[in-house]
Amino acid sequence: MGMNAIQSYLLLVWKGMRRFFEEKPLDPLMIRHSLKEMTPASARADVQAGFNVFLLTIPQGMAYAAIADMPIVAGILSSIAAALVAPLFSSSRFTSIGPTNATSLMMFSFFAVSGIAPDQKLVVVPLLILMVGILCVIGAFFKFAELLQFVSRSVLVGYITGAATLIIANQFKHVLGIAERLEPSSTFIGLVMETCRKVPHTTWQTVALGVASIALYFGLKNKFPKLPAFGMTLIIISAMSYALGAFMPASGFAEIAWFNDIQLSSLAPSIPWQVDNIWETAKPLIPVALALAFLASLENTVMSKSLATQSGTQTDVNQDMLSLGISNLTSSFFGSMPVSGSLTRSALNFSSGAKSGLSSWICGVFCLIGVFFLAQFGLVSKIPKACLAALVISVAISLIKWENIRVCLQATADDAIVIIVTCLATLLLPLHIAIFGGVILSIILFLKKASKPVLVEYEFSDDGELRARDLKKERPMPQISIVHVEGALYFGAAELFRSQIQSVAQDPNIRAIVLRMKNAHHLDATSVLALTELIKFARQSDCHVLISGMTKDVYKILKRAGVVGTIQEGCNKSEGETNIFMHLPSNPNISTRDALMRAQKLLGTEEADIKIFFDPNKA
């Protein structure tokens, strides 16, 4: 390759990269668009929505930190960091960013099997969240968020169902009051069996608190859906249990497990890369960082698109991924919990009448005041672990959507396989492996289904209408075969395409094949090579290959690949001969008529002109 060719190639690559990044560029300060549209009425609506979400955010932050087996202050601080930073960059006006069930449980699942010592966990986690943030920011710049729409919904339903089951199993030990007696287990089956063995040591006080918490939570949620049922239940049950322990010592409530108070010193930021050997520490974290970034981006994309549909607004999933990445970067310096798009808080924000990202700011400011209040007055130590665990179980029960499960199981066999395998993998494997297992399975099933292009042999009827050939009858022109190709001819379908057309070319009577490619699309290098091999094989058998109905997009691919010359081999350009007949939208069949006439000329036949049938209603 000469120097000029190399320079031309590099210039082509540079232009392609520049077009890629210039299309839908990321906005460095998205919030300014919402602020320009702000009115006194919308500001009041944002304040009201922000306060409503605040009442849910602090108790949920505690709960998700408990799921991840982190200090509960971590969940609150991560919620504050995300609430203050996310709206600066997010295109969604309603999505509430913070810790979630799925990401918290994935982090817990990883550390349960990682072999990292408990005293090292608090040192390693900030680095992990920093890596998640960096991956999300990189993904936003390379527009990876747009690829998330190809992840099957069955994967997400199966994962959430399995994760909710794990949450229930993991929190049940606190409700039974046997958490301190359990031997650590890294598997769902081991956890269930160990819990069953320790059931005789159950304390009735914690069970009573758990049952009361679940009953009150669902009661408030059903009777008063607009009230913050989670926070109200936590306050009522905590106050009741503290009063019983303080004023009725004989009741035994004073001896149950309580949380430790938040220290003001724990609110100071930390440096996420303060480890002895950052590279050696980061290497084992790469798989779970990738999984957390993927899951968080998927949750955030699904949530932002759902709210955009309900509100009639537009959202940019790559811009939202940037917001998510920067929120995780910020969280790594403060709360050290992975953050994502929260289903419950985002829905509450939207239903509360939020108009812009200001509602998220308001929520963050209230949470910041709230955490100082909790630390100053030592209120966290008044919360029994059994109460918070019961509320986490209640939320997990709400995550299991039986209607979604039924649809996935009954829609198609592939969906049923995906949801079952993903759910079982979630229960039996570490979650950062299970989520990718479900995605890979769904992609394999999709590729298998999409890798079967439709190839139908066509013929002209006596009145000139192009129709599928009746395979029970002989061809009206035994030497010419018209094959209609429809579907994606990407790498997965290329071999099937080549072998099926080759089987037609092996018919000793066939002297010309007309490939009708009006509805063929998504050609890639594999399919182009398969087409080239097919043409060469046919010519060795003294058979001509012509292409009709070729679209401009397909022609560009063949031209860039340098294959047009191979197809046109033997044509006399000065006499207007061609083996490629382009698609004409005004009459889709005329290119096939012209190709057929070219085939007759190549075979030396002198039949009359072919009548062509065209019905605009069937185009």
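The values are calculated or read from the model by the stated rules, or taken from the named source; none is laboratory data. Being a predicted model, the structure only gives us computed values, none of them experimental. Positions of Cβ are backbone-derived with ideal geometry, glycine not excepted, and every protein chain shown enters the neighbour counts.
At-a-glance table
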| quantity | calculated |
| --- | --- |
| Pair list, Cβ under 7 Å, 6 or more apart: region 111-137 residue without any contact (Cβ under 8 Å) to a residue 60 or more places away in the chain, other residue aromatic (Phe, Trp, Tyr) | Lys121/Phe111 |
| Test: residue in region 391-407 that is among the polar types (S, T, N, Q) and within 27 Å of Gln263 (Cβ to Cβ) | no |
| Residue check, Ile393 in contact (Cβ under 8 Å) with a residue 24 or more places away in the chain, closer than 24 Å to Leu267 by Cα and crowded, with 18+ Cβ neighbours inside 10 Å | no |
| Scope region 31-76; condition farther than 30 Å from Met107 by Cα and within 25 Å of the chain's Cα centre (by Cα); matching residues | Ile31 |
| Flag for Thr103 being within 19 Å of the chain's Cα centre (by Cα), in a helix (DSSP H, G or I), of a type outside the set (A, V, I, L, M) and under 21 Å from Ser398 (Cα atoms) | yes |
| Condition check for Leu148: crowded, with 18+ Cβ neighbours inside 10 Å, assigned by TED's automatic domain parsing to the domain that holds Ser297 and among the aliphatic types (A, V, I, L, M) | yes |
| Selection count where residues are in a helix (DSSP H, G or I) and more than 38 Å from the chain's Cα centre (by Cα), scope region 535-560 | 6 |
| Residue selected from region 204-238 under the condition among the polar types (S, T, N, Q) and surrounded by 17 or more Cβ atoms within 10 Å (Cβ to Cβ), by the criterion farthest from Leu391 (Cα to Cα) | Gln205 |
| Residues located in region 205-230, provided they are without any contact (Cβ under 8 Å) to a residue 24 or more places away in the chain and of a type outside the set (S, T, N, Q) | Ala208, Ala215, Leu216, Gly219, Leu220, Lys221, Lys223, Phe224, Pro225, Lys226, Leu227, Ala229 |
| Subset of region 406-415 [under 23 Å from Leu166 (Cβ atoms), free of Cβ contacts under 8 Å to residues at least 40 places away in the same chain and among the hydrophobic types (A, V, I, L, M, F, W, C)] | Val407, Leu409 |
| Only one of Glu299, Glu280 that is charged (D, E, K, R), touching a residue at least 12 places away in the same chain (Cβ under 8 Å) and over 24 Å from Arg32 (Cβ atoms) | Glu299 |
| Cross-chain or 6+ apart pairs with Cβ under 7 Å, region 359-375 first and at pLDDT below 95, then surrounded by 20 or more Cβ atoms within 10 Å (Cβ to Cβ) and not in a helix (DSSP H, G or I) | Ser360/Ser96; Val371/Ile262; Leu374/Ile262; Ala375/Ile262 |
| First in region 435-447 and free of Cβ contacts under 8 Å to residues at least 24 places away in the same chain, second anywhere and among the hydroxyl-bearing types (Ser, Thr, Tyr) and crowded, with 18+ Cβ neighbours inside 10 Å, Cβ under 8 Å, 6 or more apart | Gly437/Thr422 |
| Lys173 being under 30 Å from the mean Cα position of the chain (by Cα) and either free of Cβ contacts under 8 Å to residues at least 24 places away in the same chain or in the same structural domain as Leu399 (by TED's automatic domain parsing) (or both) | no |
| Hits in region 54-97 - residues which are over 27 Å from Trp258 (Cβ atoms) and part of a helix (DSSP H, G or I) | Ala82, Ala83, Leu84, Val85, Ala86, Pro87, Leu88, Phe89 |
| Qualifying residues in region 489-512 (those that are farther than 19 Å from Asp542 by Cβ and of a type in the set (Ser, Thr, Tyr)) - the one modelled with the highest pLDDT | Ser499 |
| Candidates Leu84, Leu88, Leu55 - the one that is surrounded by fewer than 24 Cβ atoms within 10 Å (Cβ to Cβ) and under 19 Å from Leu343 (Cβ atoms) | Leu55 |
| Residue within region 239-251 that is under 23 Å from Ala396 (Cβ atoms), in contact (Cβ under 8 Å) with a residue 60 or more places away in the chain and surrounded by fewer than 17 Cβ atoms within 10 Å (Cβ to Cβ) present | no |
| Residues being assigned to a loop (DSSP other than H, G, I, E, B) and either in contact with a helix residue (DSSP H, G or I) (Cβ under 8 Å, 6 or more places away or on another chain) or exposed (fewer than 13 other Cβ atoms within 10 Å of the Cβ) (or both) - total across region 567-594 | 11 |
| Selection from region 527-559 of residues that are over 25 Å from Pro588 (Cβ atoms) and surrounded by fewer than 17 Cβ atoms within 10 Å (Cβ to Cβ) | Leu529, Glu533, Lys536, Phe537, Arg539, Gln540, Ser541, Asp542 |
| Residue check for Leu515: outside any helix (DSSP H, G or I), crowded, with 20+ Cβ neighbours inside 10 Å and modelled with pLDDT of 85 or more | yes |
